[in-house]
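The values are calculated or read from the model by the stated rules, or taken from the named source; none is laboratory data. Since this is a predicted model, take the numbers as computed values, not measurements. FYI the Cβ positions are ideal-geometry reconstructions off the backbone, even for glycines, and counts take in every protein chain you see. To get the accessible areas, we keep the full protein, side chains included, count just its heavy atoms, and leave off ligands, DNA and RNA. Shrake-Rupley method; radii C 1.70, N 1.55, O 1.52, S 1.80 Å.
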Amino acid sequence: MAVRQIILTIHHELAIGVHENRLNELYETELRPFIRLFYARQEWVFTHYLCGETLQWLQVYHPEALSAMHELVSRKQMEILGGSYYPAFIPLLSTQDRTAQMVEMALALRTHFGKKPHGAYLNGDIWEPSLAHSLKTGDLHYTFVDRSRFIASGIYNPGELFLTEEMGKVLSIFPFYRLKLDGDIEAEIDHIMQLPCEGDGLLSLVSDASDVNALEKILNGLQSRGVIFTLPSRIMLKSKNGIKALPRVYLPASSGAVFNSHTQFYRNEIFKHFSLQLFHAKNIYTALSVRQIKRDKSRKHAAIHSVLRAQNYQLYWQSRFGGFFNANARAIIMDHLLQADMIVREADAINYGLIRADFDMDGMDEALYQSRVSNAFVHARGATLFTFDYFPAGLSLLNVFVNDHMAGYSRAFHDFFFDSSFCYEHWSNNLADHEEGQFAQQIYDLVDWKLGSKVVRYSIERNFDETLLLLQKEYRFHPSSLEVRYLLSNQALGYIHRQFGVEFNLSLAEDTHLVVDKEILLSNTSLQTQSFSLHLLSHQIYIHFEVSELVTIWKKDVYGECLELGKHHQGIALLLLMPIDLMPSSEASLSIKMRISKITEEYK
């Protein structure tokens, strides 16, 4: 049976990580024309999702838009949708956070439109079976699920309202097709009309209305072919009064197709980047920490809201505005997490010192040092420092992403052994051909630590250069500083003649100055020193490094690329190089101290 009825769903989420001027441009080219179009075409009924941040932004900058949408609701042309207040992949949230997001959204919609939502929009088109229970618990009665999930469950021509169930909670679900606005309009109309829809000939169309002209042409084309636009409330009322029982179906979770991937489960596609795994783990860890606030309700409420803001789904994939590849977006989200961390400390809901925990849920423990002013977390993979947060300056020092990094991920205290021909050009182009042993990718053994202490030691043994190298790496933590001590031991009869490199990838602005003996060191410059500083002009602090041996230091700017921003600055990278010549049974050592302080007049 061909399509006879269409439920149109439009969603607008506030773009994250873009400049205010760009937000105004998006309003003028997308949201405002959308409102004008539907205000004039009263016969086009539709459902609409506005995330909470979009509501807030419109209330401040364009209240006239909210007034127009209020009228659309009053004349029963537009049905408002609930869901996540701060747009999130709801299945990735805890039960408490799912409820908090939905309750906050319902309150906001009642405030702005005088009505509560009965249906939910799922950000990113992501479905998991557990959502049936969560949405009904949040007093939401229907949602929209991609047709592909019905086909995957054996229903090849979905064309009616279905029911699904989880733990006794029954949810109504409408199969949808996502409109393509960037292709041939007539071909898209033909494709929609040819979609097989058995039963009631019902199809939901979902769109972000990014091209209002194309959307108008498609809707005109569908209307000219006899399609009727309807609303979920009408369909559900008709089914309630009907004599036919609604079919019940259990749908599998979304596949990687939502990200243009062939993976069978979308989470495998999301978390293929190690850096994104760490970000998600940080989100979960902070959410759990916030829940430990017991007696201070106002602080707990503020901290929970900071966590909810950091759950924005746009960051979990390379979306239209860059997602995780967008350094500005990452900085905004990390700032929310830092605010939550600071509130936890203000409420004295944290144990200071060193703990062991499987932070990123990979089956291995990480070493987590927490003080009143900082976080410093070390991963077993490469024994790298993957988090360094300094709260007085609101600084997350390692919030950087390099897609083609030699180690496969980008953090601090990466260990490399290069051959003698390795040069700056090789490093700047991320060429790993001159590196041996792949220490940065290996799992180090956690050999010494004590609960609540400030010291943790890792070690690893690797065969290379026809000998056996033992690398021991000890972290010594302090609230505003840390020290890493290396001990390299040749355990066999071969010789090691290499350049030992320690790399830092830091999420610092372009105006950060690398200063050696009060002289600013530019990129593509080689200099030998035992002390240097990074001056962060935007934060009015400096990071001072002291090295036990004379090292060669290189600096480069790190860039990323995404569709919205093009090539943009991600941070800076430093490489410290020390030549090592290890005879059999010999050792070499290196100590690196890193300290954060406010910029004094001497350094301005």
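Here are the numbers:
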item: Size of charge dipole - region 432-550 - debye, nearest 20, with Cβ of Lys, Arg +1 and Asp, Glu -1, no other charges; result: 540
item: Packing-based ranking, highest mean first, of 324-336, 263-275 given that Cβ atoms within 10 Å are counted; result: 324-336, 263-275
item: Surface accessible to a 1.4 Å probe, Met167 within the full protein complex, Å²; result: 150
item: Greater than 31 Å apart at Cα, pairs in Lys282/Lys555; Lys217/Lys244; Lys115/Lys282; Lys567/Lys593; Lys297/Lys593; Lys180/Lys272; result: Lys217/Lys244; Lys115/Lys282; Lys567/Lys593; Lys297/Lys593
item: Hz values of 3J(HN,Hα) by residue in region 174-185 - Karplus curve (6.51, -1.76, 1.60), Gly and Pro given as x; result: 10, x, 10, 10, 7, 5, 9, 9, 9, x, 6, 5
item: Inter-centroid distance (Cα atoms) of region 308-337 relative to region 362-438, Å; result: 20
item: About the Cα centre, charge dipole magnitude for the chain (Lys/Arg +1, Asp/Glu -1 at Cβ), debye; result: 2680
item: Accessible area per residue, Å², the chain with all protein chains present, probe 1.4 Å; result: 41
item: q = 0.11, 0.22, 0.28 Å⁻¹, region 362-433: log10 I(q)/I(0) [Debye, one scatterer per Cα]; result: -0.36, -1.01, -1.27
item: Mean Cα-pair separation over length for region 86-161, i.e. relative contact order, pairs under 8 Å, 6 or more apart, %; result: 31
item: Whole-number percent relative contact order across the chain, with pairs defined as alpha carbons under 8 Å at least 6 apart; result: 10
item: Region 290-345 - convex hull of the alpha-carbon atoms, volume per residue in Å³; result: 64
item: Rounded, prolate or oblate (a/c below 1.5 giving rounded, otherwise prolate when a/b exceeds b/c) for region 444-514 by Cα gyration tensor; result: oblate
item: In sequence order, calculated HN-Hα J values of region 362-372 (Karplus, 6.51, -1.76, 1.60; Hz; x Gly/Pro); result: 10, x, 10, 7, 10, 9, 10, 9, 10, 10, 5
item: Solvent-accessible area of Asp348 with every protein chain in place, 1.4 Å probe, in Å² to the nearest 10; result: 110
item: Straight-distance crosslink candidates among lysines, where the alpha carbon sits under 23 Å from Lys116 and sequence neighbours closer than 8 are dropped; result: Lys76, Lys136, Lys169, Lys238, Lys240
item: Distant-in-sequence amide H partners of Gly82 (H built 1.01 Å from N, under 5 Å); result: His118, Gly119, Ala120, Tyr121
item: Top positive-direction residue, dipole computed over the chain with Cβ charges, set Cys423, Gln472, Leu161; result: Leu161
item: At q = 0.08, 0.09, 0.11 Å⁻¹, base-10 log of I(q)/I(0) for region 401-558 (Debye sum, equal scatterers on each alpha carbon); result: -0.26, -0.33, -0.51
item: Leading residue at positive end of dipole, the chain (Cβ point charges), from Leu576, Cys562, Ser298; result: Ser298
item: Glu198, Glu216, Glu188, Glu546, ranked by accessible area, largest first (probe 1.4 Å); result: Glu198, Glu546, Glu216, Glu188
item: Cα-Cα separations in the chain greater than 36 Å, expressed as whole percent; result: 44
item: C-alpha center-to-center spacing [region 92-151, region 28-74] in angstrom; result: 20
